[in-house]
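*Asks:* To start, I am sharing the structure in question, which I have written as structure tokens.
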Amino acid sequence: MPTYRPGPVSLILAVLVALFLLMPLLAVIPVSLTPSRMLTMPTGELSLRHYRSLIEDPRWLDSILLSLRIGIVSSALSTVLALTFSLGVWMFQPRFTAALVGFVLLPMVVPPVVSAVTLYFLLTSVSGISSFFGYDTWLGVAMAHSVMTVPFATVLILVSLSQLDRRIDLAARGLGASVWERATRVIMPNIKFGIVTAALLSFVLSWEEIGVTLFITSVNAITLPRLMWMGLRDNIDPAIAALSVILIIITVLVLAMRSVITRRRPAA
Amino acid sequence: MRGTLSDRMGAALLMAPLLLFLVLAYAWPFLGVVKWSFTLPSPGLGQYHALLTDDLVQSVFIRTLRIAAIVTVVSVTAAYAITVVWVRGSPVQRVLAEFCILVPFWISVLTRAFGWVALLSNRGLINTWLQSIGFISEPLTLVRNEFGVIVGMSHFLIPFAVFPLASAMRSLDERVLLAARGLGSSRMRTFWTVFVPMTRSGIIGSALITFVFSLGFFVTPAILGGGRSVMIAELIYLRIFQSPDWGLGAAISVVLVVFVGALMALLFRYVKPRQLV
């Protein structure tokens with residue numbers, strides 16, 4: 001517990017910053033309740049019509065389902081790839097580990113717009129060969145999202161491996177366990193929490209991804225962020241406000257649950 | 001001997017899928033982009049020459065650097081203020097500060113940009129309120145210009161600026177601060193002459209991360225700038241989709257990577273990666 005506490009000036013400044021951080025999240029609530037078809041503040045009566053249009057308009061529902069499918073596939077792919085890679089690094093500690101990990105982390109460091117151009121190049125090149133995999137296909141988007149999420153999954157799994165006691169693996173090895181048995185029956189059960197977190201984070205990152213998605217989709221693979229983007233650029237549709245309110249509530253609930261779980265974990 | 005051979009095989013087998021995936025899906029196509037920058041529309045260094053001479057490209061580069069610099073100063077300052085309370089406040093203050101930092105952090109860039117549109121647009125919250133109290137008669141133009149871009153980008157980047165600062169503030173020896181106070185130094189003086197210098201590595205790390213992120217930022221400037229204050233990333237998008245000028249888009253991408261790479265190298269000279277989280 002720090003004994004050197006912030007003074008009144010620090011507290012006032014921090015409150016101002018906190019208000020600045022929360023303001024845009026709160027501003028969407030009144031806008032989502034406006035009865036008008038345009039982006040305005042409600043002037044008297046409130047309406048839930050924009051929430052209803054989220055359910056009734058098939059475009060929103062289609063894009064939500066597509067984003068779910070892409071998120072699940074890309075999260076599965078990036079978690080499996082990150083897991084095998086990290087197991088290789090941890091179990092065998094090969095030479096050039098630092099360089100290999102650095103290479104894997106590149107998509108996290110390179111400006112997203114450059115990754116977007118790169119994946120655009122890839123998918124338009126592949127499009128000539130295959131019609132269901134390439135530019136503007138859901139499989140193409142899922143693969144591109146995996147490229148973007150795999151560094152984050154790898155970091156999370158490597159961090160949870162670094163907290164694992166090497167002696168349990170040595171014991172298993174001494175008792176004659178094969179590489180496969182050590183990985184699946186000794187190591188993976190111990191980093192379960194890290195693997196699940198990696199999968200969840202990959203899903204969330206894919207679900208929200210827009211920078212790359214804009215470059216690799218046009219009319220067929222309209223993910224939820226892509227649809228929001230279109231609504232934001234053309235005429236600003238208050239349905240986006242309703243959707244934003246729902247997304248903010250879900251985020252706050254998930255964060256609250258996570259903090260309950262992590263508070264309980266050390267005790268368990 | 002047999003052990004080491006099978007060890008090498010095992011490592012190779014486990015590491016190969018991801019490495020292969022990234023070589024095929026990322027490294028190889030990036031080389032393709034580099035190739036575009038030298039061959040489209042005609043082979044040669046034409047696109048790089050254009051980068052140095054084209055007025056539009058130059059003005060976008062300068063605007064990007066200017067906005068990135070302002071956003072860096074705003075974000076690091078604001079992040080510093082809230083991190084002080086997050087790291088050194090009372091338990092209640094710490095929970096509240098954490099909530100205000102982490103909730104926006106997890107909310108998507110589009111939702112946050114939209115929130116700023118709802119606040120800043122002509123019929124948005126701020127203009128409606130200022131008009132209703134009679135402070136202004138005409139709505140202020142707060143969005144679809146550089147002001148909106150700077151506000152939106154700073155909002156996005158403050159949480160990223162917080163993490164290196166928090167790690168620097170957590171690791172400092174608070175007995176030095178107590179000693180300064182005990183020797184009669186005022187709060188302000190202790191802050192400026194002891195606390196801030198002791199968190200220098202965090203400030204450098206935080207500023208470089210914010211600056212690097214700002215350079216490649218796409219969504220927020222595109223929405224809150226409304227096409228009027230285009231930054232590099234949006235210029236790349238426009239070159240590839242609006243004008244099909246793939247060569248120039250690719251050349252700007254290559255320059256951006258080289259520039260960011262140089263900044264990252266600088267970052268790691270001053271700050272160890274461990275200090276960033």
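*Asks:* Any idea how many residues of the range A:134-143 are small (Gly, Ala, Ser) and in a helix (DSSP H, G or I)?
*Replies:* So the answer is 2.
*Asks:* Here's something else I'd like to know. Pick out, from the range B:194-277, the helices (runs of 4 or more DSSP H) lying fully within it that include 2 or more residues that are β-branched (Val, Ile, Thr), in contact (Cβ under 8 Å) with a residue 12 or more places away in the chain and within 22 Å of B:His155 (Cβ to Cβ).
*Replies:* In the range B:194-277, B:200-215, B:219-225 are the helices (runs of 4 or more DSSP H) which contain 2 or more residues that are β-branched (Val, Ile, Thr), in contact (Cβ under 8 Å) with a residue 12 or more places away in the chain and within 22 Å of B:His155 (Cβ to Cβ).
*Asks:* Additional query: Are any of the residues in the range B:127-139 more than 9 Å from every other protein chain (Cβ to nearest Cβ), crowded, with 19+ Cβ neighbours inside 10 Å, assigned to a helix (DSSP H, G or I) and without any contact (Cβ under 8 Å) to a residue 60 or more places away in the chain?
*Replies:* Yes, because at least one residue in the range B:127-139 is more than 9 Å from every other protein chain (Cβ to nearest Cβ), crowded, with 19+ Cβ neighbours inside 10 Å, assigned to a helix (DSSP H, G or I) and without any contact (Cβ under 8 Å) to a residue 60 or more places away in the chain.
*Asks:* Could you check the range A:68-88 and list, in sequence order, the residues that are within 7 Å of another protein chain (Cβ to nearest Cβ) and touching a residue at least 12 places away in the same chain (Cβ under 8 Å)?
*Replies:* A:Leu81, A:Ala82, A:Phe85, A:Leu87
Residues are listed down the side, and each one gets a yes or a no for (1) farther than 19 Å from A:Arg49 by Cα; (2) of a type in the set (A, V, I, L, M); (3) touching a Cys at 6+ places or on another chain (Cβ under 7 Å):
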position	(1), (2), (3)
A:Leu224	yes, yes, no
A:Met230	yes, yes, no
A:Ala239	no, yes, no
A:Ser244	no, no, no
A:Leu247	no, yes, no
A:Leu255	yes, yes, no
A:Arg258	yes, no, no
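*Asks:* Collect the residues in the range A:93-122 that are closer than 23 Å to B:Gly216 by Cβ, part of a helix (DSSP H, G or I), at the interface with another protein chain (Cβ under 9 Å from one of its Cβ atoms) and among the hydrophobic types (A, V, I, L, M, F, W, C), keeping them in residue-number order.
*Replies:* A:Phe103, A:Val104, A:Leu106, A:Val109, A:Val113, A:Val114, A:Ala116, A:Val117, A:Leu119, A:Phe121, A:Leu122
*Asks:* What about A:Ser206, is it within 27 Å of A:Arg258 (Cβ to Cβ) and either of a type in the set (D, E, K, R) or in contact with a His (Cβ under 7 Å, 6 or more places away or on another chain) (or both)?
*Replies:* yes
*Asks:* Please count how many residues of the range B:93-126 are at the interface with another protein chain (Cβ under 7 Å from one of its Cβ atoms), surrounded by 19 or more Cβ atoms within 10 Å (Cβ to Cβ) and not in a helix (DSSP H, G or I).
*Replies:* 3
*Asks:* Specify the residue that is nearest to the other protein chains (Cβ to nearest Cβ); the eligible residues are those in the range B:81-92 that are surrounded by fewer than 18 Cβ atoms within 10 Å (Cβ to Cβ) and in a helix (DSSP H, G or I).
*Replies:* By that ranking, first place goes to B:Pro91.
*Asks:* I would also like to ask the following. Condition first: loosely packed, with under 14 Cβ neighbours inside 10 Å and under 29 Å from B:Ile252 (Cβ atoms). Now tell me which residues in the range A:93-115 satisfy that.
*Replies:* If the condition is that a residue be loosely packed, with under 14 Cβ neighbours inside 10 Å and under 29 Å from B:Ile252 (Cβ atoms), then A:Ala99, A:Gly102 are the ones that fit.
*Asks:* Looking at A:Ser146, A:Ser131, A:Ser125, which one is over 20 Å from the mean Cα position of the chain (by Cα), hydroxyl-bearing (Ser, Thr, Tyr) and either closer than 21 Å to B:Leu13 by Cβ or assigned to a loop (DSSP other than H, G, I, E, B) (or both)?
*Replies:* Criteria check complete, one pass: A:Ser131.
*Asks:* If you take the residues in the range B:52-80 that are farther than 30 Å from A:Arg258 by Cα and among the small types (Gly, Ala, Ser), which one is surrounded by the fewest Cβ atoms within 10 Å (Cβ to Cβ)?
*Replies:* The extreme case among them is B:Ser59.
*Asks:* Among (1) more than 7 Å from every other protein chain (Cβ to nearest Cβ); (2) without any contact (Cβ under 8 Å) to a residue 60 or more places away in the chain; (3) within 30 Å of B:Val92 (Cα to Cα), where does A:Ile29 come up short?
*Replies:* The failed condition is (2).
*Asks:* Now for a separate question. From the list A:Leu54, A:Leu21, which one is within 10 Å of another protein chain (Cβ to nearest Cβ) and within 24 Å of the chain's Cα centre (by Cα)?
*Replies:* Of the residues listed, the single one that is within 10 Å of another protein chain (Cβ to nearest Cβ) and within 24 Å of the chain's Cα centre (by Cα) is A:Leu21.
Every number here is computed from the coordinates shown, using simple stated rules; none is lab data. Treat the numbers as computed from the prediction; the structure is a model and nothing was measured. Positions of Cβ are backbone-derived with ideal geometry, glycine not excepted, and every protein chain shown enters the neighbour counts.
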